[in-house]
Amino acid sequence: MKKNNLYTSLSPDPGDTPIIAEHISKSYNKGTAPALSNVSLTVKKGELFGLIGPDGAGKTTLFRILTTLLLADSGQARISGYDVVKDFKQIRSTVGYMPGKFSLYQDLTVQENLTFFAALFGTEVATQYELIRDIYDQIEPFKNRRAGKLSGGMKQKLALCCALIHKPSVLFLDEPTTGVDVVSRREFWEMLQKLKRQGITILVSTPYMEEAVLCDRIALIQNGQLLNIDTPSQITGTFPAALYAVKAASIYTLLKDLRSWNQVESCYAFGEWLHVTLRQHTGDARALIREYAAAKAHQQVTVQLIAPTIEDSFIRLATTNPLQHGTPNQP
Amino acid sequence: MELLINHKSASPADNNAVIECRDLTKKFGNFLAVDRISFSVKPGEIFGFLGANGAGKTTAMRMLCGLSYPSSGHATVAGFDVYRQQEKIKRHIGYMSQKFSLYDDLTPLENIQFFGGIYGVPARVIKERSRELVRSLGLEKEATKLVSGLPLGWKQKLAFAIALFHQPRIVFLDEPTGGVDPVTRRQFWDMIYEAAEKGVTIFVTTHYMDEAAYCNRVTIMVDGKIEALDTPASLMQQFACDNMDEVFYRLARTARRKDP
């Protein structure tokens, strides 16, 4: 079964599966700092695929390998049917890549940057204007400003325009929304939905778990390993326990009390609520939790059965995966 | 050398606001970066300071930390005046940002000793408490290795512990949990709660809206002004939203000055 999968996925129709990564491993500092271990994923044509994980999980390393900027220690990858090692030139001319770090020319203006990148790819801004118009309109008033003088949100939009200027079939966006406020983040995801509708395949990484639901499929990554790959609803739908949201007047005391209760399997703060799973128990879980909280003299106790979020699933997978490490003192 | 402030002592000052701010304003030319903001923060309070990019958060925070003079208005931090006593403010607050908090090419122990020394903690106290701190953070094995090799989450916990090492009455945290994994992020908040319970005032900015709900009170800045200031529960009620993310979005999208 595994073998069969490997065989079929290594020779798929590149028209259907523009991104294929198979068993990618990479370490730095002569093997002492593992960055990725045995990462495999495929992204289908027209898919908006999210790579979700914290800093240091290996997201950027994977992006750099897939965009031919870094060699993997082992494993293979194909972009639009091209091998990331042998065919790097073809890949570079067909993909768009927006690195996490702002990488445009700071002392060229908005317009000069755009013209420059168009020329590099042998095209003209006018030819590709339709694709970038929605985004470019927002920075057009600043077209004579130097890129280095733009605000974060504007830089991000310019970088996206430059990544799109040669009408790439595959777009790689490495943490485009990191450090950006909620309003700009929503705008950015709306832009991505529009690009997706134009048939562009998008691989996007983010440390914000709540952005996962905006993707068609996601891979959760931590410490260089994929914890799961699926649709967001499938990932939350297979959460293996009943999850309860609990709150009381004194939330921090409640958190400490619940964690010290041997009936509690996990307890994490989620905004104004605590998300709780119980060990094997008899009777109604909500009543059990309410009774315990009452016995500890908590006031205004509310307990609800809730549907898990991606962040619940991520925490569950990260803390129960025996291969995971690096999160000491787990509660 | 000044005496260490013991935040647990029941001095009369403890009943006063740790930050008191009236019509605090900062102009750059004609640009009103911070427009007459007023609030006060109590001892042991976790005070969330939110706003879209460009709303004026950083400028306000720089004034409160004694790094920039206000154009007008009044403010005291830890009892010291933001115009006349900037150096005293710096000495009596803790500060941690996502970026510039630790020296990568020093060990955790050296970082503690270095910052302890900067803040004038006596050498004897540094010696005693740094070992103890390393132990309580679970960093014994890493104590003599360079900070650069530590996972990000550990660095942030260490940076927070160092910001508290000289026992300030207030600590400013500028996006302390950016990019950290969900479990470590919550462990970090455990540390915040623990410090607040001991009476330390926490002034924190964040882009994670679930974290806004962990604060006792939250301000939301829009275009240099404070547009909302209340407990998360009251704000959600007031704006008829289910979560802080929606509250923030409702307020911040009205911003006219999106980007400077």
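A few remarks follow.
- The residues on offer are B:ILE170, B:ILE192, B:ILE202, and the sole one that is among the aliphatic types (A, V, I, L, M), more than 10 Å from chain A (Cβ to nearest Cβ), in contact with a Phe, Trp or Tyr (Cβ under 9 Å, 6 or more places away or on another chain) and closer than 23 Å to B:ALA233 by Cβ is B:ILE202.
- Identity of the residue in segment A:316-331, over 13 Å from A:LEU226 (Cα atoms) and outside any loop (DSSP other than H, G, I, E, B), that ends up modelled with the highest pLDDT: A:ARG316
- Out of B:THR144, B:THR58, B:THR76, sole residue that is open to solvent by 40 Å² or more (accessible area, probe 1.4 Å), of a type outside the set (A, V, I, L, M) and in a helix (DSSP H, G or I): B:THR58
- The set of residues in segment B:79-100 that are open to solvent by 20 Å² or more (accessible area, probe 1.4 Å) and either on the phi > 0 side of the Ramachandran plot or assigned to a loop (DSSP other than H, G, I, E, B) (or both) comprises B:GLY79, B:TYR83, B:ARG84, B:GLN85, B:GLN98, B:LYS99, B:PHE100.
- Some residue of segment B:233-242 being part of a helix (DSSP H, G or I), more than 19 Å from B:TRP154 (Cβ to Cβ), facing chain A (nearest Cβ under 9 Å) and modelled with pLDDT under 90: no
- Scanning segment A:243-261 for residues that are among the charged types (D, E, K, R) and within 12 Å of chain B (Cβ to nearest Cβ) gives A:LYS247, A:LYS256, A:ARG259.
- Complete set of residues in segment B:170-208 that are assigned to a helix (DSSP H, G or I) and free of Cβ contacts under 8 Å to residues at least 40 places away in the same chain: B:PRO182, B:VAL183, B:THR184, B:ARG185, B:ARG186, B:GLN187, B:PHE188, B:TRP189, B:ASP190, B:MET191, B:GLU194, B:ALA195
- Summed over segment B:173-189, residues that are within 22 Å of B:THR107 (Cα to Cα), within 8 Å of chain A (Cβ to nearest Cβ) and in contact with an Asp or Glu (Cβ under 9 Å, 6 or more places away or on another chain) total 1.
So that you can scan it fast, the table gives a plain yes or no per residue for (1) away from chain B (no Cβ under 13 Å); (2) surrounded by 23 or more Cβ atoms within 10 Å (Cβ to Cβ); (3) without any contact (Cβ under 8 Å) to a residue 60 or more places away in the chain; (4) in a loop (DSSP other than H, G, I, E, B):
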residue	(1), (2), (3), (4)
A:THR177	no, yes, yes, yes
A:ARG186	no, no, yes, no
A:GLY199	yes, no, no, yes
A:LEU203	yes, yes, no, no
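- Within segment A:60-94, being part of a helix (DSSP H, G or I), surrounded by fewer than 23 Cβ atoms within 10 Å (Cβ to Cβ) and not β-branched (Val, Ile, Thr) holds for A:ARG64, A:PHE88, A:LYS89, A:GLN90, A:ARG92, A:SER93.
- Options B:ARG131, B:ARG135; residue that is of a type in the set (D, E, K, R) and within 13 Å of chain A (Cβ to nearest Cβ): B:ARG135
- Restricting segment A:188-197 to residues that are within 13 Å of chain B (Cβ to nearest Cβ) and under 24 Å from A:LEU41 (Cβ atoms) leaves a set whose member that is modelled with the lowest pLDDT is A:PHE188.
- Test for A:ARG217: is it crowded, with 18+ Cβ neighbours inside 10 Å and under 25 Å from B:MET221 (Cβ atoms): no
- Those residues of segment B:217-232 which are within 13 Å of chain A (Cβ to nearest Cβ), more than 17 Å from B:ASP174 (Cα to Cα) and in contact with a Gly (Cβ under 9 Å, 6 or more places away or on another chain), in sequence order: B:VAL222, B:ASP223, B:PRO232
- Residue count for segment A:282-309, restricted to those that are part of a loop (DSSP other than H, G, I, E, B) and either surrounded by fewer than 13 Cβ atoms within 10 Å (Cβ to Cβ) or within 12 Å of chain B (Cβ to nearest Cβ) (or both): 8
- Any hit, segment A:140-158, residues being open to solvent by 20 Å² or more (accessible area, probe 1.4 Å), more than 14 Å from chain B (Cβ to nearest Cβ) and under 23 Å from A:GLU190 (Cα atoms): yes
- Counting the residues of segment B:108-126 that are surrounded by 13 or more Cβ atoms within 10 Å (Cβ to Cβ), within 14 Å of B:HIS166 (Cα to Cα) and in contact (Cβ under 8 Å) with a residue 12 or more places away in the chain gives 10.
The values are calculated or read from the model by the stated rules, or taken from the named source; none is laboratory data. In this text the structure is predicted, and so the values were computed from the model without any measurement. Virtual Cβ from ideal backbone geometry, glycine too; neighbours counted across all protein chains shown. Remember, those area values only see protein heavy atoms, side chains included, never the ligands or the DNA or RNA. Shrake-Rupley method; radii C 1.70, N 1.55, O 1.52, S 1.80 Å.
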